[in-house]
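Single-structure report; data block below.
The values are calculated or read from the model by the stated rules, or taken from the named source; none is laboratory data. Keep in mind that this is a model prediction, so the values were computed, not measured. Every residue, glycine as well, gets a Cβ built from its backbone with ideal geometry; the counts of neighbours run over all protein chains shown. Side chains included, ligands, DNA and RNA excluded: accessible areas come from the protein's heavy atoms. Shrake-Rupley method; radii C 1.70, N 1.55, O 1.52, S 1.80 Å.
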Amino acid sequence: MSNVLYIKNASELITVRGHSEKPAKKTAMSEIGIIENGCVLSKDGKIVAVGTDEEIRNEHQDLVNLAEVIDATGKVVTPGLVDPHTHIVYAGTRENEYAMRLEGKTYMEIMNAGGGIHATTRATQQASFDELYEQSKARLDKMLLGGITTIEAKSGYGLTLEDELKQLEVAKKLNEDHQIDLISTFMGAHAVPLEYKDNPEAFIDIVINEMLPVVAEKNLAVFNDVFCERGVFTPEQSKRILEAGKKYGLKPKIHADEIESYSGAEMAAEVKAVSAEHLLRASDEGIKAMAENDVIGVLLPGTAFFLMADYAEARKMIDAGMAIALSTDANPGSSPTLSLQFIMNLGCLEMGMTPEEVITATTINAAHAIDAADRIGSIEVGKDADFTLFDVKNHLMLSYQYGMNHTHTVVKKGNVVVSDGHIIKSAAVY
Ligand SMILES: N=CN[C@@H](CCC(=O)O)C(=O)O
Ligand SMILES: [Fe+3]
Ligand SMILES: [Zn+2]
């Protein structure tokens, strides 16, 4: 049976069209392609037509007659949201560290004392495949209810070959089983394990010569990421790890200048990383270099919010010509949220972005940040029929009524997977 879906009469159908070749920069970030009373027709999971009811019926009346119809009157329809930076596959929680930080301890102090990433690594190493799968699946369900249809998922809480593979295999199985698509990043260089504290080079050697080849051979990741930060990996070490990944076909990403200014942005430009992420402390030279080298800035204002730190300079970066994407950074230590809508609110209220820019940053630019803009991130003919219907009358409401979940319906590859705020258990998965 062919699967035909017709969403009609959205008060705003936000297409974000026209940016699939290159990420949107500068004023293009404000061009979100709104169609009032907009409609979209899809068949077998792909978009067939986009426009007004009249335009679509003129061309496709026969197909419309066959379609399951969703009336989007009074709602805003966007491309399914894309979250391009998550650490979603992990075990345990770290609310104890949250309490310590509220009393004045810093994130790095806690990590250097064996907590932080090390604490989640211990919990993740101890968890069975099934435990890791179930805990992560529960989080994916919440993301889906929030309108997210694709995420990037990083490893990096295994830190041994066996445990990194376990994390990546869980992500792979979740991608197969869950309505949300997961695109994997290998992040063996997320922290130097405590037992290598005095000899980080030995661990880097393992990442490069033992982990990377196996991850690539098993086809378990698309990207390679490293935490470039004082006290974790230096820019020089990070560069070596990212260059080694390239040899195995893994595209570079980098956690850069999150806690301190550390030339991470400059290094991202040097290795021509697909994206540099965090960038709270990126220097002006780094911003210029990233703009010149088409490095996408993936900004994570939830992390600044939760670490009570100063936010990344989104306005300056956009004005300098960088393409910006936004993401949750979903993880148990520095950003335990699953709400990309709250991240959009923070983008506006704390980083000087416009309501239109934050939509571009969580759709087409986020898709570019995970190299998937040929398939997702905008509502255009030929792309996947991934849509989020929000129960608001216009897109300004999304960042005006903040800290809320406005999602009403979610469509993944032409299937209704969330309806009236509930997951449809029987929906087809792929
Ligand atoms: N900075 C490194 N990694 C994560 C935090 C991971 C953790 O604290 O568990 C981040 O993106 O902020
Ligand atoms: Fe999937
Ligand atoms: Zn991260």
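Here are the numbers:
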{"quantity": "Scan of the range 288-309 for residues that are closer than 17 Å to LYS253 by Cβ and within 13 Å of the chain's Cα centre (by Cα), ordered by number", "calculated": "ILE296, GLY297, VAL298, LEU299, LEU300"}
{"quantity": "Residues of the range 395-409 satisfying the condition of being surrounded by 20 or more Cβ atoms within 10 Å (Cβ to Cβ) and either over 21 Å from the mean Cα position of the chain (by Cα) or closer than 18 Å to ALA67 by Cβ (or both)", "calculated": "THR409"}
{"quantity": "Strands (runs of 3 or more DSSP E) wholly inside the range 1-106 containing at least 3 residues that are hydrophobic (A, V, I, L, M, F, W, C)", "calculated": "4-14, 34-43, 46-52"}
{"quantity": "Single condition LYS166 does not satisfy, out of (1) in contact with a Phe, Trp or Tyr (Cβ under 7 Å, 6 or more places away or on another chain); (2) within 16 Å of ligand 2 (Cβ to nearest atom)", "calculated": "(2)"}
{"quantity": "Answer residue from the range 132-183, given it is among the small types (Gly, Ala, Ser) and within 14 Å of ligand 3 (Cβ to nearest atom) and is nearest to GLY377 (Cα to Cα) among those", "calculated": "ALA153"}
{"quantity": "Count of the range 258-273 residues which are within 16 Å of ligand 1 (Cβ to nearest atom) and either open to solvent by 50 Å² or more (accessible area, probe 1.4 Å) or closer than 17 Å to MET187 by Cβ (or both)", "calculated": "8"}
{"quantity": "Wholly within the range 353-430, helices (runs of 4 or more DSSP H) carrying at least 1 residues that are within 16 Å of ligand 3 (Cβ to nearest atom)", "calculated": "364-369"}
{"quantity": "Members of the range 149-165 found to be within 16 Å of ligand 1 (Cβ to nearest atom) and out of contact with any strand residue (DSSP E or B) (no Cβ under 9 Å at 6 or more places or on another chain), listed by number", "calculated": "ASP163"}
{"quantity": "Of residues in the range 24-46 being crowded, with 22+ Cβ neighbours inside 10 Å and in contact with a strand residue (DSSP E or B) (Cβ under 6 Å, 6 or more places away or on another chain), the one nearest to HIS395 (Cα to Cα)", "calculated": "ILE32"}
{"quantity": "So VAL214, is it among the β-branched types (Val, Ile, Thr), modelled with pLDDT of 95 or more and assigned to a loop (DSSP other than H, G, I, E, B)", "calculated": "no"}
{"quantity": "Filter pass, LEU182 being surrounded by fewer than 21 Cβ atoms within 10 Å (Cβ to Cβ) and within 16 Å of ligand 2 (Cβ to nearest atom)", "calculated": "no"}
{"quantity": "Complete set of residues in the range 166-179 that are over 16 Å from THR149 (Cα atoms), away from ligand 1 (no atom under 16 Å from the Cβ) and open to solvent by less than 10 Å² (accessible area, probe 1.4 Å)", "calculated": "LEU168, VAL170"}
{"quantity": "Complete set of residues in the range 182-199 that are within 21 Å of TYR248 (Cβ to Cβ) and of a type outside the set (Ser, Thr, Tyr)", "calculated": "LEU182, ILE183, PHE186, MET187, GLY188, ALA189, HIS190"}
{"quantity": "Condition met for VAL64 (of a type in the set (A, V, I, L, M, F, W, C) and in contact with a Phe, Trp or Tyr (Cβ under 8 Å, 6 or more places away or on another chain))", "calculated": "yes"}
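Condition check ((1) open to solvent by less than 30 Å² (accessible area, probe 1.4 Å); (2) under 26 Å from ARG122 (Cβ atoms); (3) away from ligand 1 (no atom under 16 Å from the Cβ); (4) outside the structural domain of PRO23 (by the TED database)) across all residues:
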{"site": "PHE305", "(1), (2), (3), (4)": "no, no, no, yes"}
{"site": "ALA314", "(1), (2), (3), (4)": "yes, no, yes, yes"}
{"site": "ALA330", "(1), (2), (3), (4)": "yes, yes, no, yes"}
{"site": "GLY333", "(1), (2), (3), (4)": "yes, yes, no, yes"}
{"site": "GLN341", "(1), (2), (3), (4)": "yes, no, yes, yes"}
{"site": "GLY352", "(1), (2), (3), (4)": "no, no, yes, yes"}
{"site": "GLU357", "(1), (2), (3), (4)": "yes, no, yes, yes"}
{"site": "ILE364", "(1), (2), (3), (4)": "yes, no, yes, yes"}
